[in-house]
Amino acid sequence: MKKLIGVYDDDVKLMEGVDRLVENEVPVEDVTTPFVIEELFEKLHIHSNIQFLAFLYGLFAVLSILWGLYYTFAVDYPLNIGGKPNISLTFVILLFVGMVLTVVLLTTGTFFHQERLYPWKKIKFFYPGMHDDKMIVFVDKNQAGPKVAVAEEIFKETGAIDIQEVDIED
């Protein structure tokens, strides 16, 4: 797939370029930055379901851990230690730690799955320094059609340090 990339070294110029691209209805496929820019999510209408999934993972973890603790300490192997009840508030710590561990592991796994990042995957860097200090805007030439010239002009006007056409295989 042929893509037009505009490389920026300043986040203010990047946001100006993305604003102009969105105003001119140029389809921006992706933006790669070395740090999170919250305004990009709003401008490009990117929504993530990871927060909702993390909540569901937390709910699953709490219910699973409560069931496991109850089954272990009250049904399968109840011990009467000094007349204390089998289920007490000491389980809150185990519940919290287990929930946090479960949510972190499952959310991380979900993120890697959604981004298709696996240990054996070869990552191709399209531009030197793209994960160090450069910010890159990707415009798909097939989707943009005649607006590719508009995108190139916007990249030039907003201060892109480099404009290239790259061939990306999925």
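The values are calculated or read from the model by the stated rules, or taken from the named source; none is laboratory data. Here the structure is a predicted model, which is why all the values come from computation and not from measurement. Virtual Cβ from ideal backbone geometry, glycine too; neighbours counted across all protein chains shown.
How many of the residues in region 128-170 are surrounded by fewer than 15 Cβ atoms within 10 Å (Cβ to Cβ), touching a residue at least 24 places away in the same chain (Cβ under 8 Å) and part of a loop (DSSP other than H, G, I, E, B)? Of the residues in region 128-170, 7 are surrounded by fewer than 15 Cβ atoms within 10 Å (Cβ to Cβ), touching a residue at least 24 places away in the same chain (Cβ under 8 Å) and part of a loop (DSSP other than H, G, I, E, B).
Say whether the condition of being part of a loop (DSSP other than H, G, I, E, B), surrounded by 13 or more Cβ atoms within 10 Å (Cβ to Cβ) and either touching a residue at least 40 places away in the same chain (Cβ under 8 Å) or within 19 Å of the chain's Cα centre (by Cα) (or both) is met by at least one residue in region 101-122. Reasoning before the result, please.
Taking region 101-122 as the starting set, the residues that turn out to be part of a loop (DSSP other than H, G, I, E, B) are 115-122.
Checking the rest, the ones that are also surrounded by 13 or more Cβ atoms within 10 Å (Cβ to Cβ) come to none.
No, region 101-122 has no match at all.
Do you know which residues across region 1-52 are assigned to a helix (DSSP H, G or I), in contact with an Asp or Glu (Cβ under 7 Å, 6 or more places away or on another chain) and either without any contact (Cβ under 8 Å) to a residue 12 or more places away in the chain or more than 25 Å from T110 (Cα to Cα) (or both)?
In the first step, residues of region 1-52 are kept if they are assigned to a helix (DSSP H, G or I); the result is 11-23, 38-43, 50-52.
Then drop every residue that is not in contact with an Asp or Glu (Cβ under 7 Å, 6 or more places away or on another chain), which leaves 15, 43.
Result: M15, single match.
Look at (1) surrounded by 15 or more Cβ atoms within 10 Å (Cβ to Cβ); (2) touching a Lys or Arg at 6+ places or on another chain (Cβ under 8 Å) and you find that E16 fails only one, number (2). Just one of (1) at pLDDT 85 or above; (2) in a loop (DSSP other than H, G, I, E, B) fails for P85. It is (1).
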